[in-house]
Structure formats: C-alpha cells, structure tokens
Amino acid sequence: MIGRTWQRGARAVLGMLGLLTTGCMSFDGLDEPVALQANVADWRDQVIYQILVDRFANGDTSNDFNIDTTSQARWHGGDWAGLEAKLPYLQELGVTAVWISPVYKNVDTDANVDGYHGYWPQDFTQTNLHYGDLMALRRMVREAHERGIAVIIDVVTNHVGQLFFYDINLNGHPDESVRGSGEQSDVLHINEYDPDFDPRGIQSETSLGEAGPAPIIFTHDPASNHLPPMPAVLQRPEMYNRRGRTVNFEEPDQLLHGDFPGGLKDLDTTRCEVKQAMVESYARWVELTDVDGFRIDTIKHVDREFWRYFAQKIRQRLARKGKTNFFMFGEAFDGRPDLVGAYTKSELPAAEQLSRENECVEDSLGITGDQLDGVFHFPQYYQVIRDVFRDGMSTDRIETLWADRAKHYGTTANELGTGLAPIKTLVNFIDNHDVPRFLFEGDVDGLRLALLFVMTEDGLPCIYYGTEQEFRGGNDPANREDLWLSGYATTGSTFRYTQALARLRQRHAALRRGDQKVVWASNRTGSEQDAGIFAFERSGGDAGSSYALVVLNASGAHPSSPVFNGAPMKVGVAPGTVLVDVLGNKGAPSGTKYTVSGSGTLVIELPPKSGALLIPESQK
Amino acid sequence: MADVGEEPRETGLPHPLGEPHAARARAEEPFAARGHRGELRAGIALGKGRQHGLLVAAAEQLDLPGPNELAEQVDEPRAPTFDPVEQGPREVNGGLNRRVGAEHLEHRSVAAVARVLEHRVEVAEGLVKVQGEDQPRACHAAGDRRRIGVGFPDVTMRLSAWLFGLVLACGLGHAASSRADEPDRSEAEGDGKRDDAERTPATAEDDEARPAKAKRRDVVPDASPAEPAERSSPVPAPPATAPATSPVPITAAALPPVAPGPEHRGAFHFGSYGRVAIASDGTGRPARESDIVAYGSRLDTTNYVELELRREDRWEKVGIDTRIISTLAIANSIFHFDGKFDSQIAVRNLYIEASGVGTKGVSVWAGSRMYRGDDIYLLNFWPLDNLNTLGAGVRYEAPTRTVAQVHMGFGQPDSPFYKQRASRPAPLNQFGAATIDLLDRQRWIGSARLEQGFRLGDKAGMKVVGYGEGHRLPAGERESAREGVFEAVPAETGFVVGGQVGAWTGERNTHLNLFVRYASGLAAYGEFTTPGGLGVDRTTSGARELQVALGGNWEGGPLAVMLGGYFRSFRNASPALDAGDVDEGIAIVRPQVWFTDWVGLGVEGSYQVQHRGALVTPEDGGEPRPLVATMPRFGVLPFVSPAGRGSFSRPMIWLIYTIGLRDAGARALYPVDDPYNTRATEHFLGAGAEWWFGSTSYGGGL
C-alpha cells in the first residue's frame, strides 16, 4: 500500500512538472506573431475619430496608477481595454477608423502635470502601461479590425520628453536661478530645464563668462519616468540640437531646431542615427500590432529631409512584410496652405542635398521626393471652420481655399503609399485636442453645419471625440474631458446627426470619391439673398454615377438661397432631376424634394445656420 | 488621495527593491505602484529588507505568516498514543494516531504534570520553565532510536564520520561515539507539520503573509526499541507517553494522580522556533533569496525567531484546562550584521484556549493566533489552511477520530483599500486639526474544517480533510483626490474550498499529503494583500486561484527523503490576461543521509517555473513571447543534528551551498542593473541553524 502511495505521489509530481513546463495560460493568439495586411481598401472611405486614450474609456483599473480624475492635467485612467469595450459605440456612430494617442512610454509626470496625452516620449520601445501592455494593444487592434475599424497611432519624431537639462552653470545640478535686481541690473531668469533659444547651442557660463557649450545631463527618476530615452542611441547628446526653447516660431532656425515649449528636447532629425531609430521604432510598432496608419505630430518642426527618409523607408519596410496601403498624415499647426502642403509634395531636393540624404540609406533604395500621404487641413480649420461656420464670415474664402489646393498639395500618389494623391486625402477636422472645441465659442447649429461640411467635402473627415456628445471645453486641457461622463449616450441629437452623416457618406460614393466642384459661394454676409450660402457638388471621379449636392447657409441672421440678382444656382445634373434632401433641416424635413429646372438651376432656401444634402431621388 | 484599486500593489514580478516572487499576496499583482502618492511603506520595507545582510530578500520574504502558515498545531493533541509501559509508534499524524482522545490526553497530561512536579522547584523559583533545556530528553527519553536498519557496517559509518569531520572546518570536536543515541525527534504527523511562525511576506504590505514553517512536533519514540538511550546527563525519565505537542488541552485525567489538593494547578512553559543564517553569493555580496515562485526552496530564507511563553492551567472545580499562549516573532534585521537596533517584531500568538468546555473534546479559544493546518516543509508553504487570525473558534474532537472546527476572525491590513484617514478641522472651533477615519472596514474571515482519520494497520493511518473559508469586506465610502467629493467603495466577498488527503506509515516521519485548494473573489488574494488588478466594476469578483500541492517525507535507517511540489494558477479580477496573472509551480526533493547519529549530508534539487500573462521581447529582439521563467537549483548541505536522525530533527546546524540557473525569463523578472537580471548563475554559500522546541507552533508543546 505504501508502495502504491509513492507511485501515485510520483505520478502527481510528474504531472505537475508537465504542467509547469507547458503552463495552462491561454493567450488567445495574442502571443503569436501578427500577420500584417492591408486592412483598408480605400482611405477616402474612412471616417476618422480622434481619441485621447486616457479620456475615452477606463476598462482596466489595474493600470490606474496615480490617477486623479478631478484635475484635467492628470492621468484619468482611460486605456486600450476601455477603448476595446467601447468599439460598439464607435460602430454605432459610424466611425471606420480611430486615431489613438501615442502608444509608447512617456514621462509620467512633470511639474505636476502628467503625460496623459502621450506627447512626452521617453521609451519608444515599450508600451505606455497606463494604457495597457502589448497584449491589450493587440487585443484592441484585433477587435477593431474585426469590426471593420482601422487603427491609426499617433507618433512623435520631433522631440523626446523632459529628459535632460542643460548644465549651464556646470554644477551638475538642474537649477532655476534669477539674477539681477531689476533696479541697477536687469533681471535674468535662467532655467536649465528650458532655457531660451541660442542658435549656437546653449552655452554654459560662469561669473567669468561663457564657458563653451553647456553639457546636457539626463535625469534619472524612475518614479516619474524621467529616464534616459530608449532606444539607447538617443542617449547620445549629439542626437539633439541642444539650442534651447523656441521663442519665435516664425524664425526658421528656431522652428526646426528649438526645443518645444515645456522642455521637450528637440531631436536632430538630420542625423542618420535619428532617422534610422525612428523608422525602426515605429515600423516595429506596426509589425507588432498591424495598425493601419500614423498620425504624425509636429511635422513642421522637423526637417523635410527627415520626412522623405521616414515615409519612404516605413513604406518599403512594411510593404516587404505585407502591409500596404499604410496611411501617414501629419500635423502642421499652421494656417498657411503652402507650408502645410509642402509636406505632401513629391519634390526632389538639390543634388548635393540628395546625396547627403542618401548617406543614411542602408539598403539599395535611394531617396526620392515622396513624403507624407496627407496632412491635417489646418488652413481650412482657420478659414472655414472658425471664420465661416463659427464666426459667420463670407463663404467665398472656401472657394478660394479649395481652388488653391492643387497648388499647394501633392497631386501624385506616393510610391508604395495609399495609391491616392495627397490632395485627395487631406484630413478635414472641426476641432482637436490642441484647439478649443467648436462649442466653446460656437453654437450647436454651427457645429452641425461644420459636421455636414467635413463629412461631405473631398478628403477624410476627422471627428474629435466628444463632439458627438456636444462637449464644450476650451483650450488644453479643458478640451480633454472624460467621455465616460456622457454615459456614451447614443440618443442625443448631435450623436444621431453625426451618425446619419456617417451613414450617408458610406451609402453615397460621391461623398467619398467624387470630384468636387463649387457651384455657389458668396462674399456677402448681410441681408443679401445669398448671404452665407456655399454649395458644392460631388460627382465623377471614382464615384461612378453617384452625385451629391451640398448646400450650406452659414448666415446666422436670416434664411438664404443660392440666388443673386435673380439668377439661381446652376447644378450639374440634368434638368428635371429630382433631388431629395436626405438630411432635412429646421425649415424642411428629411425627404423634401427639389426639382432641377429646365435651365438646369435649382432653387432652395435654407434657414439660418442650416444645410441640405441633396441626392438624386434615383440614388437615394 | 488614493483611489480604491490604485494602491501600491505588490507585483509578483520583481519589485525594484525586492525579490520577484512573494507569497501569494504579491505574486498576483502587477507592478506595484510604488510611486503612488504618499505610499512609501512598502518601498521602505523592501529597502530595509535589502539592507539585511544575512540573507537579503525583499520584505515580503520575511517569514511572516502568509496564507500557508504552519499547521494549527494548537488544536490538535499531537502526542502519540502508546501504552505507558511500551513505546508507542511515532506520531506521524498526531491527530489521528491518537487513540481515544481521552487516553491521549491523559498520557499527555501525565507527562506535563510530571514535568511540572519534577521541576516544581525550578518553576517556583524561576517562574518559567525553560523546557528546551530538557525537552529533547523529556519528550523522547522514553523512546529509543531506531538504529540504521539497512545493513551499513558500523565501522564504515564511523570512518565516514571521521572523514566528514576532517572536511568540515567548523571543529566538530568530540568523537561521535561519545554522543548519546537520541530518539528521533521528528514529528511524524504525516504532514511534516511544523509550526513555523516564520514568515516570508508575500508583499511589502503583507508582512504577515508568508507561510510559517511547518510545526515540528516532538517525535514520538519508535515502537521498536533498538538500543538504550544514552544521555550526556541524567534527566528525569519522562512519562512513557511522549507529551503531545502544543494543541492538546490538559485534562485532569491526563495529569498524574496527586493527592487531593488545590483546585487549580498550572505551569509556565517556554518554547521557540528559530533560524538564522549568513551567506554570500560568491561575489562579495550578501546572498539573496533567489526563488522565482511564491513558495520556493527554503534554503535561503531569512532570519526569524519565535519566542513563546505559555501558561497552562488546570481548573479542577470546573474540569476545564486552559492555556494562554503568547508568541513573539522577531525577523530581520540582525544587529550583529548591520549594527541597527531595528528588528521587526510581531505578536504571532496571543490567545487563550479552554478545553473540556461543556463536554469532553470541545475546546474554545479566543485571541490572536496562527491558525493553520499542514505544511510542506521544504517550501515553507501551507497549501490548504493558513490563517493569521484575530478571532475565536470552537473545536470538537470525537472519539471516532473526527475533528471539526470552526472559527471566525477579523483583520484590517494597513492599506487604503481598507482604511482611509483624513484631516478635518478640530471640533468646537478649537485649534489644530483632527484625524478621522473616512473608510474603515475590516475583513471578516470565517473557516470550517472537518477531518476524519483512519487507522491502517497497527501504525499506519490516513486522514481526509475538508476545508472552507468565507471572506467578506463591507462596502464603504472614501474621499476622492478632491476633498469633499466622495465615492462609493463596493463590498467584497470570497470563499475557499479545499481538501487534503494524508497518509503515514507510522514509522518515523514517513508521510505523504496531497492538497487541493480553490479560492475565489476576495479570498483569492492573500489575507494581508491589497487586492489589485480589479475588475471593471472595481471589485475582486472574478479573481480566482487554484492550488494543487504535494508534500511528503520518507525515512529509513540513515536515509531520509523529503519532497514537495505545487502548481498554482492565479487570475486577478481584471478580465484580460495581464502580468498580474500567473501560473507557477515547483518540484523539490531533498534526500539526506546521516553518517552518524548526529552528522549527515543533504542535497536538494528543485525546478521552478513561472508563467506570466505578459509578453516580453527576448534579448535577441525577436518576436515578443509569453513570459516563462524557469530556474533549476541544486544544493548541498552538510549538517550537524544533535537531536539525531530524522528529517525534522532539530536543532540543526548546517553549511549550505546552492547553485541556481536563471534563464532569460527569470532574469527578466528583475530590474535593469539588478545582478539577478544580469547573471544567469546564482551561488549561495553560507551557514545556518534552525531549531524548534516546546512551541505550540512547532511541535513539542509540552
């Protein structure tokens, strides 16, 4: 009996050893290499939804480290698990792509402000644990793809977080000092974390005078994640411009080489090591997760040569692994279309410059003129969303803006890109995390007009989270409210309006792929009959026979019609065509019909701050 | 202010300041939020732990009672049952080797009273009887030791002993032949139960979480006397019945017959468990505990001692026996190492137990106590029942070898999960501020245990145990980071169900135990742990833990083999798989050989594995893979055991050398620049000692 006991015991031990070796933990395939593929057929079909992960949904309390939901500038607990759980909400809204916060590890907190937004990179190789681990990210992306939602991640290449200081006084300690009395001597405030720009590079100095370039010293505070950056190549001082904080953004040297305000240290993006490190880091994230695009931060603060290298090498590397149709679009926070569009044009640099750029190429594929696939349409934000729909200015500026697009934006598709010219994939938005929400100063009618505009015009619409819930926050961080405060309600009027627009966009190819033609714009904003009217057609192009006519009345004062001096608006459909307003407005319900006259004109009147989306009855 | 669920949580992954594995309480948790506002306690504790010179380990490695502390010796009469005129079998599984409880108690009482009477002068003078001075003899003098029964020639053993003596540098001195044969002291409880109050806290917060060592029960003399015992000094012959270890209440029937006298008799007793060691990792650093699982090899556990003072009384008028047990536990640091007078002290036992209440076999207790079942000595692990409780309980032992016991108790770990203090203006318009408790909830734990023993033949036996616990934490309210803004804190519940099957041969300490335990909800976390990885509803609902464990010992002649192993699967309440979820286990074996009655050699081999619900990028930068950490270890420990042969013979002094091989996954458990992260081979070279005597927690209570 004892012998049997021991035999049983031995078998139990062996069984346990077997379990020990193999384990019984199911990763549900998340531990397997990700198969890269093109998850988007045509980027023009997408409706992008911008998400600040920390503020969208909290699905995992185990990563609620140091959260303080009572302060807008602190971590609030949103994460990828929460986003995954709320994908049905986004599906119901009609979103087809999400743009999420940077996924990598940030400086956790600095000067009592947290890195909840993700724009303070510290370690480009690890996930931001506030949002989750790699499995959580993969799980979310996989679930999104299964629901037909693409995932775009935010990337930063211009800078790292507040990871070092300039040892100006050569004492090895980060100091903030004030010199001078202000009476007999000028007051001089020296902040070694964030000194003012010096084109020579920040200089050290003692009481005897300057003492050469100030060394930089990386901080080491694991508790707040002020640690030397990763990958390790970024720990070399020469990888940074080290010229101090930009104080004049109009000065090119400062714009490109100054530290971003807040102590964000500027990378020398002309260096091969920096280019290669950025390509390696971000391509790796795609390879680990199968995400579908990059939204690139602060592109105008980065040298153009970097964009040529980065965009091309990313495309080439991903294409080799099966990831094509990868969409990269950037943020140039500027109202000048020539500046913004410059990052989308395919223009070879001068021979000498090109030769220098090719020194960074490690494969046989030399640098071409290709850059990004798209940019945020910031000029439109200022001139249209703000000036017209919020402030009621004349609509002819829209026509001018659109007419000049071909001058400023790339008109040829990038090799291995989206197959679309950048001019066709401008990203149109109403507001975002860096500007006050539309409703901070605008009204709901104006918001809906803006929504109608961006959802029907040429390009990709991008909706900032919370817009559908009529959030009204002002400047950062007030415009970064917690979405869970809305209860994710889907019955609100703006949610349903946005939802309707998204569905109409999906249903009518003209709104996604049609060419665009302005049929009415007005420089009148008073009591004129057409004051505030703007109308445009979408048709042709890759839309086949699909047609749509969008008519907007941006006037807040009175009803308007596209008529001037008795001459009504001429449209591009055949006379007798019956057009149906598939949206409706305060003056006419959805389904109201309008017939094109024998002369090819259309008469329609719109209440103040309202619009109509007219579709041929045969295509409704 | 901290939010519920966001408190520093011990991660099973290596804490920056400590060891990767902790007791169950730590192992489950993701990376501790050490930077959480104002929460530095754990970090400090761990830092202190690392400063301990002897065996550096995280604070959670303090051998504090964890979920699997020592057996609840105190409840079970452990004394073997044997006829006063002949040696009975060793108490392998004391609870069930007893004959009718009353007889056993009588024998035990006889022994106790005999000692009291024998040493009444000492007691009167000194109040405290230092039992240890004569306990080995008192407990086992009547017994005799079984000599090597496997045919080894005596000359070979003597030669081996001399050679071993030459090798040992510690100057063993006297010839082995001058030593008395001592009865084997190991407690044959079938479980290797040792009342090891030492703790290896799972978490920095959970200073009490580590399982105590198994209780060592006084060994019952062999049934077949082989040689007369030799003693270095004459001692009073103990009663034929070796006294039961701690838990047996004294009854009048157990006391020797005395002339009608006082209605009250009593005596003080002293007992102790302790271990101390010093070691190096071969590079000049102090050695550290290097196990990667929650319950690993105990060869490198930290220093710890329990000092027990016990008062036992017999109340003749009412026929009730009482005992008052107080046990102080002292853990690192050791003053002689770091020069600091800052050892950590805890009260491990402070309770009264009354036996014979109402009817024979019924005992009641109240107070603070280590309340636990059987352990696996090699792992310092109590797989089934191991509570550190402040409460009360009832126990009934029937003549049919059926034991039923229930208890309930409360606890409040020092954590914002349980308690939140806030500052408010003083009342009545007075100066200053007052501190109030906004959230103040204590955890209720109730347990029930039913044990049935079976005799198999003359000596052998087995038992079957069913066990369960209930846990509850009431709802509450806490203040958010903004003063005046409150948020609800939900209630928590949990339960444990489990069982044990044990068998013993009745020969020395040969036994085998199989444990299975399942815990759910709040109970899946350690009793002193701050739950982490909460669910979306911010509760522990959904957390679960399954443990299957095996422990045993075989002894024959000069040989002994201890073995153990377990598999544990923990999932926190967070629905998705994450780093806080773990599957782990270990298989360990320690064969030992006694070259003589008091010197021997042991070797130990173990293999431990841990899976985490996390992906790590391998060193070669390839595809991320699930974290799997393994570490085989091998150790050699020559020892001196003055108490004689037996796996559980104590005291024991030993040299230890171990080598551990840490794979990439095991190294990844440690922070960058930690030596455990950079080197794959770990050496441990040291010396140590362990003892127990006269302790209710560690066998030999009387």
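The values are calculated or read from the model by the stated rules, or taken from the named source; none is laboratory data. Values in this document were obtained by computation on a predicted structure and should not be read as measured data. Cβ sites come from the backbone with ideal geometry, for glycine too, and all protein chains shown count toward neighbours. When the accessible area is computed, the model is the full protein with side chains, heavy atoms only, and any ligands, DNA or RNA have been set aside. Shrake-Rupley method; radii C 1.70, N 1.55, O 1.52, S 1.80 Å.
Restrict the check to the stretch B:533-540 and report whether at least one residue is crowded, with 24+ Cβ neighbours inside 10 Å and touching a residue at least 60 places away in the same chain (Cβ under 8 Å).
Yes: the stretch B:533-540 contains one or more residues that are crowded, with 24+ Cβ neighbours inside 10 Å and touching a residue at least 60 places away in the same chain (Cβ under 8 Å).
The set of residues in the stretch A:602-620 being surrounded by fewer than 16 Cβ atoms within 10 Å (Cβ to Cβ) and either among the hydroxyl-bearing types (Ser, Thr, Tyr) or outside any loop (DSSP other than H, G, I, E, B) (or both) consists of A:Glu617, A:Ser618.
Checked against the criterion of being within 9 Å of chain A (Cβ to nearest Cβ) and crowded, with 21+ Cβ neighbours inside 10 Å, the stretch B:640-650 contains not a single residue that satisfies it.
Restricting attention to the stretch A:84-95 and to residues that are touching a residue at least 60 places away in the same chain (Cβ under 8 Å) and either among the β-branched types (Val, Ile, Thr) or within 13 Å of another protein chain (Cβ to nearest Cβ) (or both), the residue that is surrounded by the fewest Cβ atoms within 10 Å (Cβ to Cβ) turns out to be A:Lys86. Return the residues of the stretch A:257-275 that are farther than 24 Å from A:Asp110 by Cα and surrounded by fewer than 21 Cβ atoms within 10 Å (Cβ to Cβ); say none if nothing qualifies. The answer is A:Thr270, A:Arg271, A:Cys272, A:Glu273.
Looking at this structure, is A:Phe197 within 30 Å of A:Val286 (Cα to Cα) and open to solvent by 20 Å² or more (accessible area, probe 1.4 Å)?
No; evaluated as a whole, the condition is false for this residue.
Quick one: how many residues across the stretch B:453-485 are in a strand (DSSP E or B) and either within 30 Å of B:Ser423 (Cβ to Cβ) or open to solvent by 50 Å² or more (accessible area, probe 1.4 Å) (or both)?
Count: 11.
Considering the stretch A:27-67, and only residues there that are more than 23 Å from A:Glu146 (Cβ to Cβ) and in contact (Cβ under 8 Å) with a residue 40 or more places away in the chain, the residue that is farthest from the other protein chains (Cβ to nearest Cβ) turns out to be A:Leu52. Residues in the stretch A:402-419 that are crowded, with 18+ Cβ neighbours inside 10 Å and within 18 Å of A:Gln380 (Cβ to Cβ): A:Trp402, A:Arg405, A:His408, A:Tyr409, A:Gly410. Close Cβ contacts (under 8 Å, 6 or more residues apart or on different chains) running from residues in the stretch A:180-204 that are more than 20 Å from A:Phe249 (Cβ to Cβ) to residues that are exposed (fewer than 10 other Cβ atoms within 10 Å of the Cβ) comprise A:Gly180/A:Asp186; A:Val187/A:Ser181.
For the stretch A:505-550, a residue qualifies if it is within 28 Å of the chain's Cα centre (by Cα), part of a loop (DSSP other than H, G, I, E, B) and surrounded by fewer than 19 Cβ atoms within 10 Å (Cβ to Cβ), and the qualifying residues are A:Gly541, A:Asp542. Looking across the stretch B:344-378, the residues that are loosely packed, with under 15 Cβ neighbours inside 10 Å and assigned to a loop (DSSP other than H, G, I, E, B) come down to B:Gly358, B:Thr359.
Scanning the stretch A:457-474 for residues that are free of Cβ contacts under 8 Å to residues at least 40 places away in the same chain and of a type in the set (Asp, Glu) yields one hit, A:Glu470.
For the stretch B:595-619, the set of residues classified as more than 14 Å from chain A (Cβ to nearest Cβ), of a type outside the set (Gly, Ala, Ser) and without any contact (Cβ under 8 Å) to a residue 60 or more places away in the chain consists of B:Val603 only.
Restricting the stretch A:39-67 to residues that are of a type in the set (Asp, Glu) and modelled with pLDDT under 95 leaves a set whose member that is most open to solvent (accessible area, probe 1.4 Å) is A:Asp60. Of all the listed residues (B:Tyr518, B:Tyr525, B:Tyr566), the sole one being aromatic (Phe, Trp, Tyr) and open to solvent by 10 Å² or more (accessible area, probe 1.4 Å) is B:Tyr518. Exactly one of these conditions fails for B:Gly635: (1) of a type outside the set (A, V, I, L, M); (2) surrounded by fewer than 24 Cβ atoms within 10 Å (Cβ to Cβ); (3) farther than 19 Å from B:Asp291 by Cβ. Give me its number. With respect to (1) of a type outside the set (A, V, I, L, M); (2) surrounded by fewer than 24 Cβ atoms within 10 Å (Cβ to Cβ); (3) farther than 19 Å from B:Asp291 by Cβ, B:Gly635 is out only on (3). Under the condition of being open to solvent by less than 30 Å² (accessible area, probe 1.4 Å) and within 12 Å of chain B (Cβ to nearest Cβ), the residues counted in the stretch A:68-80 number 6. Where strands (runs of 3 or more DSSP E) fall entirely within the stretch A:181-232, those with at least 1 residues that are in contact with a Ser or Thr (Cβ under 9 Å, 6 or more places away or on another chain) and either of a type in the set (S, T, N, Q) or over 30 Å from A:Leu129 (Cα atoms) (or both) are at A:188-191, A:209-213. Hey, among the residues in the stretch B:500-511 that are within 22 Å of the chain's Cα centre (by Cα) and open to solvent by 20 Å² or more (accessible area, probe 1.4 Å), which one's nearest to the other protein chains (Cβ to nearest Cβ)? Result: B:Ala503. Condition (residue is buried (at least 21 other Cβ atoms within 10 Å of the Cβ) and within 14 Å of chain A (Cβ to nearest Cβ)) applied to the stretch B:434-452: is it met by at least one residue? No; the residues of the stretch B:434-452 include none that is buried (at least 21 other Cβ atoms within 10 Å of the Cβ) and within 14 Å of chain A (Cβ to nearest Cβ).
Let me confirm something: among B:Ala488, B:Ala560, B:Ala579, B:Ala573, which residue is of a type in the set (A, V, I, L, M, F, W, C), away from every other protein chain (no Cβ under 13 Å) and either in contact (Cβ under 8 Å) with a residue 60 or more places away in the chain or surrounded by 24 or more Cβ atoms within 10 Å (Cβ to Cβ) (or both)? Show your work before the answer.
Working: B:Ala488 fails: either in contact (Cβ under 8 Å) with a residue 60 or more places away in the chain or surrounded by 24 or more Cβ atoms within 10 Å (Cβ to Cβ) (or both); B:Ala579 fails: away from every other protein chain (no Cβ under 13 Å); B:Ala573 fails: away from every other protein chain (no Cβ under 13 Å).
One residue alone meets the criteria, B:Ala560.
Please specify each residue of the stretch A:239-269 satisfying the condition of being under 16 Å from A:Phe333 (Cβ atoms), in contact with a strand residue (DSSP E or B) (Cβ under 7 Å, 6 or more places away or on another chain) and among the aliphatic types (A, V, I, L, M). Hit for the stretch A:239-269 is A:Leu264, nothing else. Could you tell me which residue of the stretch A:9-23 is modelled with the lowest pLDDT, considering only residues that are at the interface with chain B (Cβ under 7 Å from one of its Cβ atoms) and under 21 Å from B:Glu623 (Cα atoms)? Filtering the stretch A:9-23 for residues that are at the interface with chain B (Cβ under 7 Å from one of its Cβ atoms) and under 21 Å from B:Glu623 (Cα atoms), the one modelled with the lowest pLDDT comes out as A:Thr21.
Which of the helices (runs of 4 or more DSSP H) found entirely inside the stretch A:396-452 contain at least 2 residues meeting this: among the aliphatic types (A, V, I, L, M)? I'd like the intermediate steps shown before the answer.
Numbers: elements: A:396-403, A:405-408, A:438-441.
So the answer is A:396-403.
I'd like the full set of residues that are assigned to a strand (DSSP E or B), open to solvent by less than 30 Å² (accessible area, probe 1.4 Å) and either under 23 Å from B:Gly470 (Cβ atoms) or of a type in the set (A, V, I, L, M) (or both), limited to the stretch B:403-433. Hits for the stretch B:403-433 are B:Val403, B:Gln405, B:His407, B:Gly409, B:Gly411, B:Ala422. Scanning the stretch A:137-180 for residues that are among the hydroxyl-bearing types (Ser, Thr, Tyr) and in a strand (DSSP E or B) yields A:Tyr166, A:Ser177. Taking the criterion of being under 22 Å from the mean Cα position of the chain (by Cα) and among the hydroxyl-bearing types (Ser, Thr, Tyr), the residues of the stretch A:371-396 that qualify are A:Tyr381, A:Tyr382.
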